Amino acid sequence: MPKKLPVLALSALLSTLLLLTACASGGGYNPTVFPFEVENEKLAESPLKTVVIPHVNLGTPSRNYLAEVSPRIDARISSYMKANGYKVLPQRDFKQHWNSAVRAFGDPVDPTTGRVNMKTFSQIMQSVRDRFAETSELDAFVFTDLVELDVPFNVGLKHIGRWDGVSRRPSMQGPGTGVSADFDWSMTAAVASLQVTIFDMDLKRLFVSRGGLDATDAIDARSSTGRYIRRRAILENNSYIDEGIALALHPLIEMDKYPGNP
């Protein structure tokens, strides 16, 4: 069984919880690709074979409308990893160990503020790690956080938005047919990305990256002045999701036509 987390490793885990506010900005070079970090030497010494995808965020919980679609996205991540040679343990195993640890240490998320108690989170993860070490050959935890950013759709005449390696056009919502001539394209809209963070059984970070998914805002076709509103259907385009997954797991799993190569 892995030993109790040393102070330096615990500090590294806690500091990673703050990473989700890192900066952001298909086909061809895209300079907004996330600056991934990967521990190549450690992975070469101990290649990952068996992983589990936690049902909880590494950092602050996703907004409700993103949390609702996260199980579907996690299922696609699991399929993608399995197709590339990984064994992915059932998420229910993690949920069982997590719930047991929460009963012992308390919920790390404050329900009124959404803030994460990092010390409690680390205690729970150590307990979960220990249970997996007793019952499986688990190598790593693959955290899959859905995070939201703000970007403008102001690139070129087609009004493209670019972030975390993807290029997307805005959608419209409502009965209108066009965008007002004085629409302010410098306004930012909410967009979603998938952040993947992987920890080994010593709870040391091995990998972190992020891939863009799609906008969660749309242009309000009913507005005469022009504005963005929340989309009714969130992250329903599976091809966009699959692109974001491939970006977020590169270079752990090499992405074909990776847009970060000029």
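The values are calculated or read from the model by the stated rules, or taken from the named source; none is laboratory data. As the structure is a prediction and not an experimental result, all values here were calculated from the model. With ideal geometry, Cβ positions are generated from the backbone for all residues, glycine too; neighbour counts draw on all protein chains shown. Each accessible area value is taken on the protein alone, full model and side chains, heavy atoms only, with ligands, DNA and RNA left out. Shrake-Rupley method; radii C 1.70, N 1.55, O 1.52, S 1.80 Å.
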Those residues of segment 186-200 which are surrounded by 14 or more Cβ atoms within 10 Å (Cβ to Cβ) and over 20 Å from the mean Cα position of the chain (by Cα), in sequence order: Met187, Thr188
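Restricting to segment 110-127, count the residues that are within 20 Å of Ile53 (Cα to Cα) and in a helix (DSSP H, G or I).
9
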Do we find a residue being more than 16 Å from Met187 (Cβ to Cβ) and surrounded by fewer than 15 Cβ atoms within 10 Å (Cβ to Cβ) anywhere in segment 206-221? no
Please indicate, with yes or no, whether at least one residue in segment 132-151 is under 20 Å from Lys49 (Cα atoms) and touching a helix residue (DSSP H, G or I) at 6+ places or on another chain (Cβ under 6 Å). yes
Matching residues in segment 128-178 (under 23 Å from Asp107 (Cβ atoms) and either open to solvent by 50 Å² or more (accessible area, probe 1.4 Å) or in contact with a strand residue (DSSP E or B) (Cβ under 9 Å, 6 or more places away or on another chain) (or both)) number 12
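For (1) modelled with pLDDT of 55 or more; (2) outside any loop (DSSP other than H, G, I, E, B); (3) out of contact with any strand residue (DSSP E or B) (no Cβ under 6 Å at 6 or more places or on another chain), each residue gets a yes or a no:
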site	(1), (2), (3)
Met1	no, no, yes
Leu10	no, yes, yes
Ala24	no, no, no
Ala44	yes, yes, yes
Arg76	yes, yes, yes
Tyr80	yes, yes, yes
Gly85	yes, no, yes
Look at Arg103 and say whether it is open to solvent by 30 Å² or more (accessible area, probe 1.4 Å) and modelled with pLDDT of 95 or more. yes
Using beta carbons and a limit of 8 Å, which pairs, at least six apart or on different chains, have the first residue in segment 35-51 and more than 18 Å from Gly260 (Cα to Cα) and of a type in the set (Asp, Glu) and the second one assigned to a helix (DSSP H, G or I) and at pLDDT 95 or above? none
Can you pull out every residue in segment 222-237 that is open to solvent by 60 Å² or more (accessible area, probe 1.4 Å) and at pLDDT 95 or above? Arg230, Glu236
